[in-house]
Amino acid sequence: MSNTPTRTTFTVQAMHAIDQITGAVIPPIQPATTYARGSDNQLIGEQDYRRPSGPTEKQAAKVLAMLEDAPEAKLFSSGMAAIAAVIESVPTGGHVIAQTEMYYGAKLLMQRAAAKKRITLNLVPPGDLHALTAAARPDTNLIWIESPANPSWAIVDIAKTADIAHAVGATLGVDSTCAPPCTTQALTLGADIVMHSATKYLNGHSDVLAGVLATREVNARWEEIGEIHSKTGAVPGAFETWLLMRGLRTLWVRFERQSASALTLAEALQGEKGLEAVLYPGLPGHPGHGVATLQMSNGFGGMLSVHIAGGYDAAARFAAATRLFTQATSLGGVESLIEHRKPIEGPDSPVADNLVRLSVGLEDPADLLADLRQALQACRAA
Ligand SMILES: Cc1ncc(COP(=O)(O)O)c(C=O)c1O
């Protein structure tokens, strides 16, 4: 047996620091906001105040850094708080390139900063390396990509994008929420910063709001992000962090099962009556399949989308007709969710009117397939 445990083993074991007083096999929660000093006014322990992180958050950040092969990671109160910190680290007037299609909340945040002239912004289609190269300039400060990209699951080649970013001296940030570190290690592929909405796969139980940033190197930008993190205090509570650690222990098995079920559904739904397209990077016909095979080593994820024949209204009917899939936003939890995206993202979004997004959970894939088929039938009959 090797002396170095695999990352899977580490993820389970890292949170099993046996409590030497009680013998408890799970870590305690430490919610204290302040820490005592002795009569010499020296701190008794290692810290004086909870912000930006107490012992529980430090433990989780250490595990996440290990999963990303990063020297450091930071926990935020949400994925959006993590993205906001990265945007805040762009110098005033700095040039940012992001995607026309990506998590729409992050795009809106960047467009808001651009409208206030805090940054200048160019959006390029996800994975279009020619458009990205043309948009990159000597003053480009940040290139922000998302892969797979919400909600068509376009794949962006992280290694090639890193080359383009570094050729102009820009930082490459990757939102890897839908490709957690059990399948993609964005920093190893050349990204400078990787971000996750830990609300999704990392926690996996739809009961924690949190975000993560991890860095390839501790440099001036990371120090700046650290300042923003500690001064704004956009940090998760100890209980949320403890729940996140509980969820993380099962990340590998959840993600493998969700990926396998999503692939089963995607394959079975291809050519199904009532569907115009099935969008899933695990399908050989998906335009990003080749790159996905290279940079998603342990499953293509549990997210897929379908285009429903009959347009906007048919898509709305289909999403409402499922019984096992719950109509709700978000993704990556153990329960399957379905969402008609256009009314969520609004008329300005490039998302197709008839796109319905599925987050595949841990239910039996045969049951999920039967549910989707009955919903398609109900939708056609209406
Ligand atoms: C890909 C992606 N990035 C970022 C976010 C934002 O994360 P949070 O909801 O934790 O703020 C989301 C949320 O849906 C997301 O799907």
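The values are calculated or read from the model by the stated rules, or taken from the named source; none is laboratory data. It should be emphasised that the depicted structure is a prediction, and the values quoted were computed from it without experimental measurement. Using ideal geometry, Cβ is built from the backbone for each residue, glycine included, and neighbour counts are taken over all protein chains shown.
Being over 28 Å from R357 (Cβ atoms) and either more than 16 Å from the ligand (Cβ to nearest atom) or surrounded by fewer than 23 Cβ atoms within 10 Å (Cβ to Cβ) (or both) is the filter here; which residues of the stretch 74-108 pass it? Result: E88, S89, V90, P91, T92, G93, G94, H95. If you go through the stretch 318-351, how many residues are surrounded by 14 or more Cβ atoms within 10 Å (Cβ to Cβ) and of a type in the set (K, R)? The qualifying residues number 2. Using the structure shown, decide if L283 is over 20 Å from K200 (Cα atoms) and either in contact (Cβ under 8 Å) with a residue 12 or more places away in the chain or crowded, with 21+ Cβ neighbours inside 10 Å (or both). It is true that L283 is over 20 Å from K200 (Cα atoms) and either in contact (Cβ under 8 Å) with a residue 12 or more places away in the chain or crowded, with 21+ Cβ neighbours inside 10 Å (or both). Pairing residues of the stretch 204-219 that are closer than 13 Å to V334 by Cα with residues that are of a type in the set (D, E, K, R) and away from the ligand (no atom under 15 Å from the Cβ), at Cβ distances under 6 Å and at least 6 apart in sequence or on separate chains, gives G204/R254. Among the residues making up the stretch 122-167, those that are surrounded by fewer than 20 Cβ atoms within 10 Å (Cβ to Cβ) and among the charged types (D, E, K, R) are D128, R137, D139, K160, D163. Checked against the criteria, G299 counts as more than 22 Å from A106 (Cα to Cα), touching a helix residue (DSSP H, G or I) at 6+ places or on another chain (Cβ under 6 Å) and in the same structural domain as L376 (by TED's automatic domain parsing).
Just to be sure before I move on: is L64 at pLDDT 95 or above, part of a strand (DSSP E or B) and either under 25 Å from T188 (Cβ atoms) or away from the ligand (no atom under 12 Å from the Cβ) (or both) in the structure I sent?
Details: at pLDDT 95 or above: yes; part of a strand (DSSP E or B): no; either under 25 Å from T188 (Cβ atoms) or away from the ligand (no atom under 12 Å from the Cβ) (or both): yes.
No; evaluated as a whole, the condition is false for this residue.
Considering only residues in the stretch 186-218 that are farther than 23 Å from L304 by Cβ and of a type in the set (S, T, N, Q), the one that is nearest to the ligand (Cβ to nearest atom) turns out to be T215. Residues in the stretch 354-381 that are of a type in the set (G, A, S), surrounded by fewer than 17 Cβ atoms within 10 Å (Cβ to Cβ) and at pLDDT 95 or above: A366, A370. Any residue that is surrounded by fewer than 23 Cβ atoms within 10 Å (Cβ to Cβ), under 19 Å from T8 (Cβ atoms) and either more than 13 Å from the ligand (Cβ to nearest atom) or of a type in the set (S, T, Y) (or both) - is there at least one of those in the stretch 225-240? No, because not a single residue in the stretch 225-240 is surrounded by fewer than 23 Cβ atoms within 10 Å (Cβ to Cβ), under 19 Å from T8 (Cβ atoms) and either more than 13 Å from the ligand (Cβ to nearest atom) or of a type in the set (S, T, Y) (or both).
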